[in-house]
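Data block below; observations after.
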Amino acid sequence: MTAPSRQIEPLDKRHDRSAFACGSEALDRYLKQQARQDADKHVAAPFVLVYPPATRVLGYYTLSASTVCVDEIPETLTRKLPRYPLLPVTLLGRLAVDQSTKGQGAGTFLLMDALYRALSSATQIAAMAVVVEAKDDQAAAFYRHFNFLPLQPDPHRLFLPMNTIATLFEG
Ligand SMILES: CC(C)(COP(=O)(O)OP(=O)(O)OC[C@H]1O[C@@H](n2cnc3c(N)ncnc32)[C@H](O)[C@@H]1OP(=O)(O)O)[C@@H](O)C(=O)NCCC(=O)NCCS
């Protein structure tokens, strides 16, 4: 028998979020109480990890359009950019995995899906990086593991240039 394959889908009312527990009450509450409203209002686009035909949510992330001040980006990286005061980015606002699934690659799967989606969207609506808001030092370490760089002055805000993301999906 083959194992059911995992899939990432836009959150909708079919998805069962009731048992989701990632270890952060705020991230659990967001998924259960706020994510659908944010989607309806186009404030954030939530995507969920499921193993169809099961509808139980085992992970999620959100994407939104955002900007960063040019001063937040290290000067070595902005030298070749136009001196616009604000630069367009895609914000990966939240990313979380159910505790039953931790340490099995689900976080990587969600992150890669988010980066690919951001890269694909950037051909239509420009974004020069993906920015993440890590909730604490541990979350920041997760993103640094994938070569995200800290923004200035808040090391819990990190970014990955879109050109770097493009190289991940080349070939
Ligand atoms: C952080 C989180 C998403 C990781 O999910 P996961 O499914 O356990 O991660 P994976 O199994 O895909 O691990 C991928 C890699 O990241 C590493 N990793 C995982 N958590 C890490 C951390 N906190 N710091 C550094 N590296 C970490 C793993 O060792 C693994 O490395 P490898 O590929 O070299 O073996 C998950 O622990 C979680 O939901 N935490 C609570 C919410 C949270 O902190 N979200 C972060 C954004 S606010």
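The values are calculated or read from the model by the stated rules, or taken from the named source; none is laboratory data. A quick note: this is a predicted structure, and the numbers were derived from the prediction, not measured. Backbone-built Cβ (ideal geometry, glycine too); neighbour counts: all protein chains shown. Side chains included, ligands, DNA and RNA excluded: accessible areas come from the protein's heavy atoms. Shrake-Rupley method; radii C 1.70, N 1.55, O 1.52, S 1.80 Å.
Identify, from the list Lys80, Lys13, the residue that is open to solvent by 60 Å² or more (accessible area, probe 1.4 Å) and touching a Lys or Arg at 6+ places or on another chain (Cβ under 8 Å).
Lys13
Please tell me if Ala54 is modelled with pLDDT of 95 or more and touching a Phe, Trp or Tyr at 6+ places or on another chain (Cβ under 9 Å).
So Ala54 fails the test.
Any chance region 69-80 includes a residue that's within 14 Å of the ligand (Cβ to nearest atom) and either touching a Ser or Thr at 6+ places or on another chain (Cβ under 8 Å) or on the phi > 0 side of the Ramachandran plot (or both)?
No - not one qualifying residue is present in region 69-80.
Only one residue in Leu151, Leu110, Leu115, Leu95 is touching a Phe, Trp or Tyr at 6+ places or on another chain (Cβ under 7 Å) and more than 12 Å from the ligand (Cβ to nearest atom), so which one is that?
Residue meeting the stated conditions: Leu151.
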